[in-house]
Amino acid sequence: MVGHSLEVLYEDEALLIVEKPAGLHTAPLVEGEPDTLLALVLGAFPEISSVPGMKPSEPGLLHRLDRDTSGVVVIARTRAAFASLRLQFASGQVRKEYHAACACRADSLPLRDISIRSLFAPAGPGGRKVRVVMPEEKSARLLRRTAPALYRTEARLEKVHEGRALVEAVIQKGFRHQVRAHLAFTGLPIFGDPLYGVPVPPGAPQRMYLHASAVLLAHPVTGDELRITSPLPQAFSAVL
């Protein structure tokens, strides 16, 4: 695959954890799409093609990242590992940590923790975006269009300087665009996010500044706690 190579963060007989570059789809959106992270994985580990997935076209894949998000992706190498990990993901036992470079509404904000818990509803042309729906907004009409459960994001401002912030966000059960929409809703839009964010500052590389920096889960065979991390891309330093 032109321009991309597979970076393995963790590997054993049951489990594969890899790094997804920004700008690459996790899995094919249409049948036969060649330029995806999953295509790279299957090229290096062809036996994974026989493992179940969330869809028939996604063998071994436990979750996805948006195309322009970089970072950690978890893949099962056996059927038994997929079943174990799928249960962990579905029940909210997997901790997923993100880092985002965000714009602040003020030149200086105190470092603080933020917690947001909401429903989501489709928004925008063709439902491309999601709208944050707070529990107190619920109505019979709105509930018919929202996600069936509440989703929580815990965020912490790690650095703030001249209207820019490095934010850590943690989720355990995720919804489409959850971190992006929740941070924007709390007044911390992500740089380079075309749907919820703000333009990249002059001189910084063009990308969406959201990175899946760590995953914490129980090993599907041993049950041991496993935390795999991915370093913050160098591009973040140009923004922050």
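None of the figures in this text is laboratory data; all of them are computed from the coordinates on show. As the structure is a prediction and not an experimental result, all values here were calculated from the model. Using ideal geometry, Cβ is built from the backbone for each residue, glycine included, and neighbour counts are taken over all protein chains shown.
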Max mean-square fluctuation residue, GNM over the chain, Cα-Cα springs under 10 Å, options Ala90, Ala212, Ala184: Ala90
Would you list, by chain and number, the lysines whose Cα falls below 23 Å from the Cα of Lys159, excluding same-chain residues fewer than 8 positions away? Lys96
Pop a pseudo-label 7 angstrom from the Cα along the beta-carbon direction at both Ala44 and Glu137 and give the gap in nm to one decimal. 4.1
Rounded to the nearest 10 degrees, the helix 79-90 long axis (Cα) sits at an angle to the longest Cα principal axis of the chain of 20
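Exposed loop GluC sites (Glu not before Pro) only (DSSP loop, at most 16 other Cβ atoms within 10 Å): please give the longest stretch of the chain free of them, not including the sites.
Working: sites that count: Glu13, Glu31, Glu162.
The longest such stretch corresponds to 32-161.
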Rg/Rg_ref, the range 93-240, where Rg_ref = 2.2 N^0.38 Å and atoms are Cα: 1.11
Label-point separation in nm, Leu150 to Val8, each point 7 Å along Cα→Cβ: 4.2
At a temperature of 25 °C and a viscosity of 0.890 mPa s, determine how fast the range 1-91 diffuses translationally according to Stokes-Einstein, using the Kirkwood radius over alpha-carbon pairs as Rh; express D in µm²/s, rounded to the nearest whole number. 189
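Hey, fewest Cβ within 10 Å first, where do Ser57, Ser115 land in order?
Working: Ser57 16, Ser115 12.
Placing the least packed residue first, the sequence is Ser115, Ser57.
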Out of Pro201, Pro59, Pro189, a Gaussian network model of the chain with alpha-carbon springs under 10 Å gives the largest mean-square fluctuation to Pro201
